[in-house]
Amino acid sequence: MEHSKCEAKSHTSYNNSLIESRFKVFLFLIRIGGIPLNMKPVSRLYVVYNVSLIVCFYISNICVGVDTVVHRHQLSLTMKNFRIYLGMLMVTWVHFSVR
């Protein structure tokens with residue numbers, strides 16, 4: 001019985017400091033983007049920051065999409081807005097995939 005407990009524990013545990021040292025920059029960027037990956041419990045301030053970041057991003061995404069549709073007769077402005085809108089849609093897709 002003791003052996004099975006130790007074996008199960010060894011398979012589920014991993015060295016978190018090794019992951020932190022190898023992927024320090026990437027984890028930092030992902031965390032700044034509002035995705036809590038390999039994190040300890042977060043503060044209320046971080047939760048407020050995360051919610052406000054997500055809300056502002058999606059509101060901006062909707063506004064750029066609406067502005068693209070409203071100014072569809074001005075080709076140069078539409079192409080500028082559409083380029084930004086496509087980039088924002090890719091970021092949205094990554095956010096949903098990682099989240």
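Computed from the coordinates by the stated procedures, all read-outs in this text should not be read as laboratory data. Keep in mind that what you see is a predicted model, and the values were worked out from it rather than measured. Virtual Cβ from ideal backbone geometry, glycine too; neighbours counted across all protein chains shown.
Computed from the C-beta positions of Phe82 and Val42 and an R0 of 30 Å, the FRET efficiency is 0.25 to the nearest 0.05.
Ranking of Val69, Val25 by neighbouring Cβ atoms within 10 Å, starting from the fewest: Val25, Val69.
Put in order of Cβ neighbour count within 10 Å, fewest first, the listed residues Ile30, Ile19 become Ile19, Ile30.
Each of Leu53, Leu75, Leu27 was scored by other Cβ atoms within 10 Å of its Cβ. Arranged with the fewest first, they read Leu75, Leu53, Leu27.
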